[in-house]
Amino acid sequence: MGCGITARMNPAQPPPSDLPSRRQCLRTAAAFGVWSATPAFVRHARAADAPRFTLGVASGYPQPDSVVLWTRVMGDDLPEQVSVHWEVALDEAFQHIVQQGRETAQAQWAHSVHAQPRGLEPSRPYWYRFTALGDQSRIGRTQTAPDPSASGAVQELKFAIASCQRWDWGHYAAWRDITAFDPHLVVFLGDYIYEYATAVGALRSVDGGRIDTLAGYRDRYRQYKSDPALQAAHAQCPWIMVWDDHEVENDYAGAVSPRRPADFGAQRAAAYQAYWEHMPFPASWRPRGAHMRVYSHLDWGRLGRFLLLDDRQYRDPQACPIPGWGGSQRISPHTCAQLLDPKRSLLGAAQEQWLAQSWSHEHRWNFLAQQTLMAPMSVRNARDEPTVWSDGWDGYPASRERVLQSASQQQVRGLVVLGGDIHAHCVARLHAQPSDMRSAVIGSEFCGTSISSRGPSQSSMERARAENPHLLYGEARKRGSILFRVDAQHLRADLRGVDNVRDPQSPVRSEARFTVDARQPGPVPA
C-alpha cells in the first residue's frame, strides 16, 4: 500500500500496523517503474527532528467520489524531492483506512502536495493526514459531494462565504465562528493575502515589504497560513476558491498593472504559482506561466450548482483611468464614454460564453460565486451626476447586463450571487435589466464583509442605500462572514459580525438574517 500507489481497502479491515519501510517502498516503486534511481529524499527519511507540516492541511473541490487533499512540507533542510504518504479514513482514530498513497513533493512547487484520492463514497465525511520525514500532520476532516443520480440524494447544504483577510488589520475571529458553524463547504471569494507592506498603525506586522516575487508571495502565504484560526477552518471542511486582485497586485486588470507596467507578466506568473501551491486545487490546475484557469463549476447533488468566476485574468482595463491615480476610481458616465462601450467585459468573451452555457436547469439553486458586488451602486457627486466605482461590475455595465440577461432568458432557477471585495455586508435584489428597477427581479445577492480588512464608512453605505432602492441592507462597520443553510425550498442567510477585530477571541454575532424562497426570487428579511 502507498509508495506512489493508491489502494482501495475494505472499510472493515484494520489499518496497517506501521508504514512501509523505505526498502519496501523502493522495491514496490521500482516494480512499477516509478523511480529509475534512488531519489534524493531517501537520505532525509529519518529527519524527524523538525515539524514538517506547520502550515496545516486543507481539502477542496469535493466530487461524489473524490476530493483534493493539500499540505506543504516545510523546513530549511529539504531535498529537491520529498516522499509524502497520505491516508484517508472513515474515522478520526484511523481505525478504518479506506485510501492511502504517496505523492512526491518537489522544491520547484514549494514542496506542496495536491493528492486526489478516488473511489470514495458520496455524501459522507472522511478524515485524512500526511506523513513525511518522520513527522505526521494534524488530522483534517473533509466531505464528499452527494451523488446527483442517486435516489434520495442529500437535499441540504450548510456553507459559508468569506473574503479579504488582511493580516495587519485584524485577527481572524471570523474563522473561529465559521468553524463552529461546521459547514459542509467554505466558498472563499478573493484576497486571501495582501501584497502590501505593514500599514501605519497596524495591529500585527507582515514579514517583509511589498511583494512581487515568487519568494515574496510564498513567504506571505506562509505567514497567513500560520494563523491557528485559519488552519482550523481549512482542516474542518473542503473549500472552493476564486482569487481577486491582492493575490497579485491591487486593481490589476488582465495583463495591465497600474503600478508596474513593465514585466507584469513575470509578477503575475509568480503570484499565480504561489497561489496554486498554497490552495487545495487539483494538480491538473497547475498554472502555466501567467495563466491559470480558476473558473469552474461544482455541483452539490441535485440541490445546487456553484459557478465560480474569475473577474481579474481576462478583464478589460478599467475605464478612463486618472494618470498617477491607479486602476480604479469613481467615474461618471457623463464624463467617461468608454464606460458604456458594449464590447468591454469584466470576464472576457470566452468566460462569458462558458457561463451562459453552464447555468443549470437540473439544480434547484444556481450560486454565482465571484469577487464583488454585482448589483448597481451609484452615488451622485457634487454636480448631481451619478458616479460608479470603475473596478467592479458598475465599471463594466454591458458585461453585467449580458450575464443577467442570459440568466433571465434561460429562466435560471434559484439565482443567488455571492460576492465579497467591498468590505461590507450588502443584500440586494437583482433585476433582469440592472439599470431599470421596474424590470423583473430574477435573483438575490449576498455580498459578504471582510474577515479582517477595514471597510468603508457607514455613512457612505447608508447614502448608497438611499440612492439604490434595490439594496436592502448595508453594514460596513463589522468584519465577519455569511453563513447559509439551504434546502430545496428555502435559503437562509445569517450575516455575522465580529465585535472586535483586534481580539482573536472576540464574540461574533448575527447582524441580520434573510431568507430566499426557491419559487420567488429576491431576499426577504427573516
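Quick notes
- Loop-located trypsin sites (Lys or Arg not before Pro) in region 398-484 (DSSP state not H, G, I, E or B) with no more than 12 neighbouring Cβ atoms inside 10 Å: ARG438.
- Eligible aspartates and glutamates near LYS158 by straight Cα distance, threshold 13 Å, same-chain separation 8 or greater: ASP182, ASP487, ASP494
- Overall form of region 148-293: oblate. Here a/c, set by the Cα gyration tensor axes a ≥ b ≥ c, is 1.5 or more, and a/b is not larger than b/c.
- Net charge of neighbours whose Cβ lies under 10 Å from the Cβ of PRO287, counting Lys and Arg as +1 and Asp and Glu as -1: +3
- Normalised contact order of the chain, rounded percent, pairs of Cα under 8 Å and 6 or more residues apart: 13
- Its DSSP H runs of at least 4 residues, each contributing -39,500 (n - 2.57), put the calculated 222 nm mean residue ellipticity of the chain at -5000 deg cm²/dmol, to the nearest 500.
- Gyration tensor verdict on region 294-368 (Cα atoms; rounded if a/c is under 1.5, prolate if a/b is larger than b/c, oblate otherwise): prolate
- Modelled spin labels at ARG210 and ARG485, positioned 7 Å past Cα toward Cβ, are 4.6 nm from each other.
- Per DSSP, loop chymotrypsin sites (Phe, Trp or Tyr not before Pro) in region 294-375 with at most 12 further Cβ within 10 Å: TRP325
- Nitroxide proxy distance, nm - points 7 Å out along Cα→Cβ at ALA518 and ALA382: 5.3
- Under 5 Å from the amide H of TYR314 lie the amide H atoms of GLY254, each residue being 5 or more positions distant or on a separate chain, with H modelled from the backbone and absent for Pro and chain starts.
- Stokes-Einstein translational diffusion, the chain - Kirkwood Rh over all Cα pairs, 0.890 mPa s, 25 °C, in µm²/s: 102
- Among the chymotrypsin sites (Phe, Trp or Tyr not before Pro) in region 381-456, none is located in a DSSP loop while being surrounded by at most 13 other Cβ atoms within 10 Å of its own Cβ.
- Annotation: the antiparallel percentage among DSSP beta bridges lying fully within the chain is about 80.
Where a number appears in this text, it was derived from the coordinates with a stated rule and is not lab data. The structure presented is a predicted model; accordingly, all values stated were derived computationally and were not measured. For neighbour counting, all protein chains shown are included, and Cβ atoms are generated from backbone atoms with ideal geometry for every residue, glycine included.
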